[in-house]
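Undergrad: Sharing a structure here in structure tokens format.
The values are calculated or read from the model by the stated rules, or taken from the named source; none is laboratory data. Since this is a predicted model, take the numbers as computed values, not measurements. All Cβ positions, glycine included, derive from the backbone under ideal geometry; neighbour counts span all protein chains shown.
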Amino acid sequence: MLPGMARRPRVAIVGAGNLGSALAVSLHRAGYTIESIVARARGASLKRAQKLAAEVGAAAAVSLSAKMRAEVVWFTVPDAKIARAARSFADKIEWKGKVAAHSSGALTSDELDVLRRRGAAVASVHPLMTFVRGSRAGLAGVPFAIEGDAKAVRVARRMVSDVGGESYAIRKRDKAAYHAWGTFASPLFDALLATTERVAAAAGVPRVEARRRIIPILLQTLANYAALGAAAAFSGPIVRGDVDTIKRHLRVLRDVPQAREVYAALATAALRYLPSKKRKELIDLLRG
């Protein structure tokens, strides 16, 4: 009963990883019937699927069943496996009238073209959120970038709304840049935090203690950014044009060369995008 969506469609989720788990739980809490959690036949993958299936009242399986009643099949496998998974299930069920979606941030709905040719409406539906083991992120308030066939987009928007997310359209040609943006926002930001721990160690602060001490300034920086934007949130020696302090930083970071490279790259970006004094002098210093 997809066309008018008088009721919530039944859902099958392919992949029981971090994203698949968060999606299954959020949809279940929003009143969706999760019919099956599909995983590889390998032990660890199937065990995760069985645990998740028990949590959301679904069946764990290693394939889609011809008797399956789900109207929406959502692929949450790694990017490199989306097209392969679609091909492997293409002949397992009748796809005509169904919706197939995947959640890659970088790849388009065309990864599911084999299912489109069999009658499914397809879409890419990507949440701009991080999902890691040991922490299950909720989807309320999360923006989802959606593109694909009109029917699949319509269904995806309704589902995103039901879990409390926010949906917006994205063009296929913009997906790689969009995903790069998201990579800056979370995994590369995490890489920056890992780098700060190396610098803290150079200052005699152990890693665990460094993480604890840095949280207040991180939270305030994010609060300032959210309220004021990047330029108004920017502080420190660059905005002041404090050349001598930056010289000291570069000197001491010779003992942590990778951190020095990160520092120089970010400082150069700051001089390009953010307010600063003595810009030319600082640029020359960073190039030296």
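Undergrad: Determine which member of the set ALA24, ALA49, ALA44 is at pLDDT 95 or above and either in a helix (DSSP H, G or I) or within 14 Å of MET159 (Cα to Cα) (or both). Please lay out each step first, then the result.
TA: Details: ALA49 fails: at pLDDT 95 or above; ALA44 fails: at pLDDT 95 or above.
After ruling out the rest, the residue left standing is ALA24.
Undergrad: Which condition from (1) assigned by TED's automatic domain parsing to the domain that holds ASP110; (2) assigned to a helix (DSSP H, G or I); (3) small (Gly, Ala, Ser) is the one that GLY138 breaks?
TA: (2)
Undergrad: Does ALA156 qualify as being closer than 30 Å to SER109 by Cα, surrounded by fewer than 12 Cβ atoms within 10 Å (Cβ to Cβ) and either touching a residue at least 60 places away in the same chain (Cβ under 8 Å) or among the aliphatic types (A, V, I, L, M) (or both)? Show your work before the answer.
TA: Values: closer than 30 Å to SER109 by Cα: yes; surrounded by fewer than 12 Cβ atoms within 10 Å (Cβ to Cβ): no; either touching a residue at least 60 places away in the same chain (Cβ under 8 Å) or among the aliphatic types (A, V, I, L, M) (or both): yes.
Against the criterion (closer than 30 Å to SER109 by Cα, surrounded by fewer than 12 Cβ atoms within 10 Å (Cβ to Cβ) and either touching a residue at least 60 places away in the same chain (Cβ under 8 Å) or among the aliphatic types (A, V, I, L, M) (or both)), ALA156 does not qualify.
Undergrad: If you don't mind, there's one more thing I want to ask. Just to verify a result, which residue in the stretch 27-41, among those that are aliphatic (A, V, I, L, M) and part of a loop (DSSP other than H, G, I, E, B), is farthest from SER161 (Cα to Cα)? Write out each step before concluding.
TA: Restricting attention to the stretch 27-41, the residues satisfying the condition of being aliphatic (A, V, I, L, M) are 27, 30, 34, 37-39, 41.
Still in the running and part of a loop (DSSP other than H, G, I, E, B): 30, 39, 41.
Numbers: ALA30: 10, ALA39: 26, ALA41: 33 Å.
Result: ALA41.
Undergrad: Identify all residues within the stretch 103-119 that are touching a helix residue (DSSP H, G or I) at 6+ places or on another chain (Cβ under 9 Å) and within 15 Å of SER88 (Cα to Cα); write none if there are none.
TA: Pass one, the stretch 103-119, residues touching a helix residue (DSSP H, G or I) at 6+ places or on another chain (Cβ under 9 Å): 103-116.
Listed by number, the residues that qualify are GLU111, LEU112, ASP113, VAL114, LEU115, ARG116.
Undergrad: Could you give me the residue pairs with C-beta distances under 6 Å whose first residue belongs to the stretch 56-81 and is in contact (Cβ under 8 Å) with a residue 24 or more places away in the chain and within 15 Å of LEU27 (Cα to Cα), whose second residue is in a loop (DSSP other than H, G, I, E, B) and among the aliphatic types (A, V, I, L, M) wherever it lies, and which are 6+ apart or on separate chains?
TA: GLU71/LEU2
Undergrad: Further, regarding this structure: Please pick out the residue among GLY119, GLY105, GLY97 that is more than 15 Å from ALA12 (Cβ to Cβ) and exposed (fewer than 15 other Cβ atoms within 10 Å of the Cβ).
TA: Of the residues listed, the single one that is more than 15 Å from ALA12 (Cβ to Cβ) and exposed (fewer than 15 other Cβ atoms within 10 Å of the Cβ) is GLY119.
Undergrad: Does VAL122 satisfy the criteria of being more than 25 Å from ALA230 (Cβ to Cβ), at pLDDT 95 or above, in a helix (DSSP H, G or I) and β-branched (Val, Ile, Thr)? Explain how you work it out, then say what you get.
TA: Details: more than 25 Å from ALA230 (Cβ to Cβ): yes; at pLDDT 95 or above: yes; in a helix (DSSP H, G or I): no; β-branched (Val, Ile, Thr): yes.
So VAL122 fails the test.
Undergrad: Something else: Answer yes or no as to whether SER36 is assigned by TED's automatic domain parsing to the domain that holds LEU115, surrounded by 21 or more Cβ atoms within 10 Å (Cβ to Cβ) and over 20 Å from GLU94 (Cα atoms).
TA: Values: assigned by TED's automatic domain parsing to the domain that holds LEU115: yes; surrounded by 21 or more Cβ atoms within 10 Å (Cβ to Cβ): yes; over 20 Å from GLU94 (Cα atoms): no.
For SER36, the condition - assigned by TED's automatic domain parsing to the domain that holds LEU115, surrounded by 21 or more Cβ atoms within 10 Å (Cβ to Cβ) and over 20 Å from GLU94 (Cα atoms) - is not met.
Undergrad: Please verify whether the stretch 69-89 includes one or more residues that are in the same structural domain as VAL122 (by TED's automatic domain parsing), of a type in the set (Asp, Glu) and in a helix (DSSP H, G or I).
TA: Yes, the conditions are met somewhere in the stretch 69-89.
Undergrad: Right, something else. May I ask you to say which residue of SER161, SER135, SER186, SER167 is modelled with pLDDT under 95 and among the hydroxyl-bearing types (Ser, Thr, Tyr)? Before you say what the answer is, go through the steps one by one.
TA: On the way: SER161 fails: modelled with pLDDT under 95; SER186 fails: modelled with pLDDT under 95; SER167 fails: modelled with pLDDT under 95.
One residue alone meets the criteria, SER135.
Undergrad: Right, here's the next one. Hey, does the stretch 186-198 have a residue that's under 30 Å from VAL25 (Cα atoms) and surrounded by 14 or more Cβ atoms within 10 Å (Cβ to Cβ)?
TA: The initial filter retains those residues of the stretch 186-198 that are under 30 Å from VAL25 (Cα atoms), namely 186-191, 193.
Applying the additional criterion that residues be surrounded by 14 or more Cβ atoms within 10 Å (Cβ to Cβ) yields 186.
Looking for residues that are under 30 Å from VAL25 (Cα atoms) and surrounded by 14 or more Cβ atoms within 10 Å (Cβ to Cβ), one finds at least one in the stretch 186-198, hence yes.
Undergrad: Can you find even one residue in the stretch 254-272 that is exposed (fewer than 12 other Cβ atoms within 10 Å of the Cβ) and either under 30 Å from SER104 (Cα atoms) or touching a Cys at 6+ places or on another chain (Cβ under 9 Å) (or both)?
TA: Checking the stretch 254-272: at least one residue is exposed (fewer than 12 other Cβ atoms within 10 Å of the Cβ) and either under 30 Å from SER104 (Cα atoms) or touching a Cys at 6+ places or on another chain (Cβ under 9 Å) (or both).
Undergrad: Sticking with this one: Do you know which residues across the stretch 52-65 are surrounded by fewer than 17 Cβ atoms within 10 Å (Cβ to Cβ) and either acidic (Asp, Glu) or part of a helix (DSSP H, G or I) (or both)? Explain how you work it out, then say what you get.
TA: Filtering the stretch 52-65 down to residues surrounded by fewer than 17 Cβ atoms within 10 Å (Cβ to Cβ) leaves 54-55, 57, 59, 62-63, 65.
Selection gives ALA54, GLU55.
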